[in-house]
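Q: Quick one: this structure, given as structure tokens, is what I'll be asking you about.
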Ligand code: TMP
């Protein structure tokens, strides 16, 4: 058996490059060190971020796989490369919030750190040019982004991911404040979690720390100029490594 060989670049996003491979159904994803925030108005290169996000995502996807959550993940290769199944990405960012933070507190009269029970699920239309606007039920229907029953399917999967991630991170004293996932359909039309699950896409607070800034272990450190971004990601990595299966090298 040989390793998957990355081929032509198909798509370059803000944090990852997606390459074709010698197998039509497989993609190789290169996690970059680039960090962006506020729709890429703020940018930096953070040495080691790509490697850490690749490894954290792989560990989390392995954990989800063991619990029956379908994902596009197949394995890792060489530090910052992930091998995934090719999927048709649904252009919707699904955000699940357990505690109020970020845009919710800017847009709504809800105080930061307010617990949200039941968790709040928000759908955003994935389009950087439009600033990823919040979707309403009517806009979703108008855009015809999902077929009959698919919204329920997507929301149920996102809520299942939330339950599993809260248990995972909670077991290592990390509070899952909120997260964003993207979903897609495989060639045989199965709905799966795609993209990545990392401190770029989750808010995580350290339950072992009381200070409201020091407890932040996610991209808010970059957004809010708090420093120690890669160190915080390293702490998340160290903790999840203790409780997730070792990522498989894809062959
Ligand atoms: P928000 O509070 O800015 O709406 O973010 C909610 C969650 O989604 C937070 O965990 C960060 C994540 N997120 C992304 O992964 N990508 C994005 O482009 C944005 C805006 C948020």
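Q: Can you name the residue in the stretch 183-201 that is closer than 17 Å to residue 122 by Cβ and near the ligand (Cβ under 9 Å from one of its atoms) and is also farthest from the chain's Cα centre (by Cα) among such residues?
A: Among those residues, the one meeting the criterion is 195.
Q: Please determine whether any residue of the stretch 244-251 is surrounded by 13 or more Cβ atoms within 10 Å (Cβ to Cβ), within 12 Å of the ligand (Cβ to nearest atom) and on the phi < 0 side of the Ramachandran plot. Don't jump to the end; show me each part of the working.
A: Initial filter on the stretch 244-251 (surrounded by 13 or more Cβ atoms within 10 Å (Cβ to Cβ)): 244, 247-248, 250.
Still in the list and also within 12 Å of the ligand (Cβ to nearest atom): none.
The answer is no, given that none of the residues of the stretch 244-251 is surrounded by 13 or more Cβ atoms within 10 Å (Cβ to Cβ), within 12 Å of the ligand (Cβ to nearest atom) and on the phi < 0 side of the Ramachandran plot.
Q: Keeping to the stretch 219-232, report how many residues are out of contact with any strand residue (DSSP E or B) (no Cβ under 8 Å at 6 or more places or on another chain) and more than 14 Å from the ligand (Cβ to nearest atom). Explain how you work it out, then say what you get.
A: Taking the stretch 219-232 and keeping what is out of contact with any strand residue (DSSP E or B) (no Cβ under 8 Å at 6 or more places or on another chain), we get 221, 225, 227-228, 230-231.
Then drop every residue that is not more than 14 Å from the ligand (Cβ to nearest atom), which leaves 225, 227-228, 230-231.
Residues meeting the conditions: 5.
Q: Are any of the residues in the stretch 208-218 more than 11 Å from the ligand (Cβ to nearest atom) and buried (at least 24 other Cβ atoms within 10 Å of the Cβ)? Step through it out loud before you land on a result.
A: Restricting attention to the stretch 208-218, the residues satisfying the condition of being more than 11 Å from the ligand (Cβ to nearest atom) are 208-217.
Among the residues that remain, those that are also buried (at least 24 other Cβ atoms within 10 Å of the Cβ) are: 216-217.
Yes, because at least one residue in the stretch 208-218 is more than 11 Å from the ligand (Cβ to nearest atom) and buried (at least 24 other Cβ atoms within 10 Å of the Cβ).
Q: Still on this structure, I have one more. For residue 75, all conditions in the list (1) at pLDDT 95 or above; (2) surrounded by fewer than 16 Cβ atoms within 10 Å (Cβ to Cβ); (3) farther than 20 Å from residue 169 by Cβ hold save one; what is the number of the exception?
A: Going through the list (1) at pLDDT 95 or above; (2) surrounded by fewer than 16 Cβ atoms within 10 Å (Cβ to Cβ); (3) farther than 20 Å from residue 169 by Cβ, residue 75 breaks only (2).
Q: Looking at the stretch 102-132 only, could you name the residues that are exposed (fewer than 15 other Cβ atoms within 10 Å of the Cβ), within 18 Å of the chain's Cα centre (by Cα) and over 26 Å from residue 216 (Cβ atoms)?
A: 127 - this is the single residue of the stretch 102-132 that is exposed (fewer than 15 other Cβ atoms within 10 Å of the Cβ), within 18 Å of the chain's Cα centre (by Cα) and over 26 Å from residue 216 (Cβ atoms).
Q: With the requirement that a residue be surrounded by fewer than 18 Cβ atoms within 10 Å (Cβ to Cβ) and over 13 Å from residue 250 (Cα atoms), what does the stretch 78-101 give you?
A: We begin by selecting, within the stretch 78-101, every residue surrounded by fewer than 18 Cβ atoms within 10 Å (Cβ to Cβ); these are 78-79, 88-89, 91.
Scanning the stretch 78-101 gives 88, 89, 91.
The values are calculated or read from the model by the stated rules, or taken from the named source; none is laboratory data. From a predicted model like this one, the values you see are computed outputs, not experimental measurements. Cβ atoms come from the backbone with ideal geometry, glycine included; neighbour counts cover every protein chain shown.
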